[in-house]
Amino acid sequence: MLKPSLVWGFSMNRGMAWRKTSIWPNDGTGRRQSKARLTHKMHWGLCTTLVGGGAKDDVQAIEWYRKAAEQGNVRAEVNLSNMYRFGRGVPRDINLAIAWLQKASEAGNPVAQSNLGGIYISEDGVKDYSKAAILFQKSADQGDPGGQNGLGIMCDLGLNRPIDLACAANWYRKAAEQGSPSAELNLGSAYYNGWGIEKDISLAIFWYRKAAEQGNVRAQEYLQYIAEHRPILKG
């Protein structure tokens, strides 16, 4: 049996990644198991990456984000909150991350709403599924794929509601059709496992490929697994 693990992914300005998952069949000794099953992963995606990639770039980014955020620039508020959340260029401070997201959320920004919802379903000490549900709904009502994917996760995991896999698949589809790689990954997993939707390995591969083409590493790993264990569907 595969052991699940919690996985989170990050960029800037759109969501995160979530859920128990494991793809590599391993019996604890490093050997692959012949009857291993591909398990599900909830993935939460962001958007708009940071400048550069080093600590110096992060410090410079923080300076500009803060200046713009203090002048009421909503995008800067969202990006500044993510810097605090992930400790990039500043010490990690979830409370400041929430504070900046609340400002942007109150201004009606759907990305801020979905990001803040992500914090409320994932960060120990501040979890609040009721708040998350409201924020995801506000974001989804504006057509934001982050909010749609978030509602899918809440349906899938039974957060603040009974588990409803059909509901989850429906929300994943809405976000995936907008090109969200995280939702494409989740929809692919729904098809692979037949969760809330008729099982269809070909459609699972289709959506995994869409996510993989956008650089989603987990989707690439899933495709590799499927190619090795279901060679007839390789092409």
| Derived scalar couplings ³J(HN,Hα) [region 159-168; Karplus, 6.51 cos²θ - 1.76 cosθ + 1.60; whole Hz; x for Gly, Pro] | 8, 6, 5, x, 4, 9, 5, 5, 4, 4
| remark: Phi-derived 3J(HN,Hα) across region 176-191 with the Karplus relation (6.51, -1.76, 1.60, θ = phi - 60°), rounded Hz, x for Gly and Pro, is 5, 5, 8, x, 6, x, 5, 5, 4, 4, 5, 5, x, 5, 4, 5
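Distance check, please: which entries in Lys67/Lys127; Lys127/Lys210; Lys174/Lys210; Lys127/Lys199; Lys103/Lys127 exceed 23 angstrom between their Cα atoms? Walk me through the intermediate numbers first.
On the way: Lys67/Lys127 29 Å; Lys127/Lys210 32 Å; Lys174/Lys210 14 Å; Lys127/Lys199 33 Å; Lys103/Lys127 19 Å.
Listed pairs above 23 Å: Lys67/Lys127; Lys127/Lys210; Lys127/Lys199.
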| query | Per residue, how many Å² of accessible area does region 101-235 show with a 1.4 Å probe? | reply | 42
| message | If you wrap a convex hull around the alpha carbons of region 84-235, what volume per residue comes out, as a whole number of Å³? | response | 119
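The values are calculated or read from the model by the stated rules, or taken from the named source; none is laboratory data. Keep in mind it's a predicted model, so treat the numbers as computed, not measured. Remember, those area values only see protein heavy atoms, side chains included, never the ligands or the DNA or RNA. Shrake-Rupley method; radii C 1.70, N 1.55, O 1.52, S 1.80 Å.
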